[in-house]
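These notes concern the structure reproduced below.
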Amino acid sequence: MERMTSVADVQRAVESLWPAATAEDWDAVGLVAGDPVDEVRRVLLAVDAVEATAAEAIARGADLLLVHHPLLLRGATSVAATTPAGRVITRLVRERVALLAAHTNADAVDRGTSGELASMLGLQGATPIVVNRVDDAKGLGRVGDLPEPVALGDLVRTLAGLLPPVAGGVRAAGDPARWVRRVAICGGAGDSLLRERAVADADVYITSDLRHHPASDARERHAAGEGPALVDVSHWASESLWLRPAAEQLRAALPGVEVVVSETRTDPWDFAVPQEEHAWH
């Protein structure tokens with residue numbers, strides 16, 4: 001009789017692929033909800049644990065929802081169904097769907113969020129921007145060289161074609177005609193890495209969630225000939241690139257389990273209205 005795969009077995013497979021010890025100190029990865037002894041026949045991968053992905057997991061008959069973003073990252077004193085997180089937890093527990101998170105431990109690997117985008121762009125000699133404190137072969141972000149220099153505007157158009165479309169599109173700061181070759185990438189929020197040497201030495205930095213003041217400062221430095229041009233992409237879109245390689249790796253590690261990728265877009269913005277240029281008064 002074939003042995004069933006349990007939630008604990010999926011945990012072990014996830015740990016072998018993305019060790020929790022390599023997560024950042026502030027992170028909260030691992031099993032969020034569910035019984036380790038429960039059987040798992042189908043896993044759904046998604047970036048976020050929200051009501052839409054919880055509903056999708058249930059509708060698709062998943063026994064476990066593996067997400068990139070921890071649902072309870074900042075801690076909680078209650079998971080009552082009076083908050084968005086509480087409603088997700090309550091619904092999953094009622095339907096006996098386990099919830100597991102792999103966050104910065106999944107960012108740090110070569111086929112993580114930054115590594116996957118680096119590969120899609122064909123970066124050569126890509127290495128981490130910040131080396132992992134536990135495993136120096138891993139780390140946050142990637143920096144490497146394009147096979148040939150390209151105009152910044154062409155690189156931004158390439159990115160727009162590689163990433164899933166979202167309301168906010170892709171934004172950039174810098175001369176679109178300027179040639180770039182050395183590229184730094186941090187999937188997800190990356191303005192904390194703006195001052196890292198590998199980023200400062202790059203021609204362009206691709207990341208998400210750039211806040212006004214750090215972005216303005218970096219733009220001024222770039223205009224003065226110091227530091228990279230900036231490209232700001234959707235947080236969800238950049239991190240969604242991890243889902244398909246992660247599914248491939250899990251299928252290899254858990255041959256008796258069906259692993260599927262979520263079809264739900266969890267970028268928080270629904271639409272944008274283009275503005276016509278006009279004189280500033």
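Observations, loosely collected:
- With DNA, RNA and ligands ignored, accessible area of residue 51 (1.4 Å probe; Å², nearest 10): 90 Å²
- Potential lengthening between residue 192 and residue 251 on full extension [0.36 nm per residue; Cα-Cα distance subtracted]: 17.8 nm
- Cβ-based net charge around residue 126, under 9 Å, with every Lys or Arg adding one and every Asp or Glu removing one: -1
- Taking label points 7 Å from Cα along the Cα-to-Cβ direction, residue 201 and residue 175 give a separation of 2.4 nm.
- Calculated from the alpha-carbon coordinates, the chain shows an Rg and a Dmax of 19.9, 77 Å respectively.
- Of the whole protein surface, residue 16 contributes about 80 Å² of accessible area at a 1.4 Å probe radius.
- Relative contact order, percent, region 110-235 [alpha-carbon distance under 8 Å, six or more residues apart]: 23 percent
- Once both labels are positioned 7 Å from their Cα atoms along Cα-to-Cβ, the gap between residue 119 and residue 264 label points is 2.7 nm.
- Using a probe radius of 1.4 angstrom, the carbon and sulfur fraction of the accessible surface of region 134-281 is 51%.
The values are calculated or read from the model by the stated rules, or taken from the named source; none is laboratory data. Being a predicted model, the structure only gives us computed values, none of them experimental. Every residue, glycine among them, receives a Cβ derived from its backbone with ideal geometry; neighbour counts consider all protein chains shown. For the accessible areas, the whole protein counts, side chains as well, though only heavy atoms, and no ligand, DNA or RNA atoms are used. Shrake-Rupley method; radii C 1.70, N 1.55, O 1.52, S 1.80 Å.
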